[in-house]
Amino acid sequence: GGGVPPHQQLSERELQVFLRLAGGQSVSDIGVALNLSVKTISTYRTRLLEKLGVASNAELATYALRNGLLAD
């Protein structure tokens, strides 16, 4: 036990992308908001799915809600 939750090991940027995806924003929306290319955001998304052990944006959202990361 005593392990750190996966989301606490994310970089600041990864966390930003994660919370935006979990909140329902598209990869292109996030790219515009963070001034990054769609390709870059897609890379972040793939990394997030791996790091958090989920398979989809819906599961990202579920993870975020379960861990109290999204305001209602």
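Specify which labelled value, from [x] 24, 62, 14, 0; [y] 19, 40, 25, 12, 4; [z] 21, 57, 20, 2, agrees with P(r) over Cα pairs in 10 Å bins from 0, in percent derived from the coordinates of the model shown.
Here the calculated entry is [z].
What 222 nm value per residue comes from the helices of the chain, counting each DSSP H run with n ≥ 4 as -39,500 (n - 2.57) and dividing by all residues, nearest 500 deg cm²/dmol? Provide the component values of the computation, followed by the final result.
On the way: 4 runs with 44 residues, N = 72.
That comes out to -18500 deg cm²/dmol.
Using a cut-off of 14 Å between beta-carbons, work out the net charge of the residues near Ala58 (Lys and Arg +1, Asp and Glu -1, Ala58 not included). It would help to have the intermediate numbers written out before the result.
Values: positive: Arg45, Arg66; negative: Glu59.
Neighbourhood net charge equals +1.
Run the dipole for the chain about the Cα centre, Lys and Arg Cβ at +1, Asp and Glu Cβ at -1, nothing else charged, and hand back the magnitude in debye, nearest 20.
On the way: 7 positive and 6 negative charges, 33 e Å.
Its charge dipole is roughly 160 debye.
How high is the relative contact order of the chain? Use alpha-carbon pairs under 8 Å, at least six apart in sequence, and give a whole percent.
Details: 51 pairs, mean separation 25.2, N = 72.
Computed value for the chain: 35 percent relative contact order.
Of all the accessible heavy-atom surface of the chain, with the other protein chains kept in place and a 1.4 Å probe, what percent is carbon and sulfur? The partial results should precede the final answer.
Details: 2170 of 4400 Å².
So the carbon and sulfur contribution to the accessible surface is 49 percent.
In square angstrom, what is the accessible area per residue of the chain with a 1.4 angstrom probe? Don't skip to the end; give the middle numbers.
Values: 4400 Å² over 72 residues.
Per residue, the chain has 61 Å² of solvent-accessible surface.
The values are calculated or read from the model by the stated rules, or taken from the named source; none is laboratory data. All of these numbers come straight from a predicted model, not from anything done at the bench. All Cβ positions, glycine included, derive from the backbone under ideal geometry; neighbour counts span all protein chains shown. Calculation scope for accessible area: heavy atoms of the full protein, side chains included, ligands and nucleic acids excluded. Shrake-Rupley method; radii C 1.70, N 1.55, O 1.52, S 1.80 Å.
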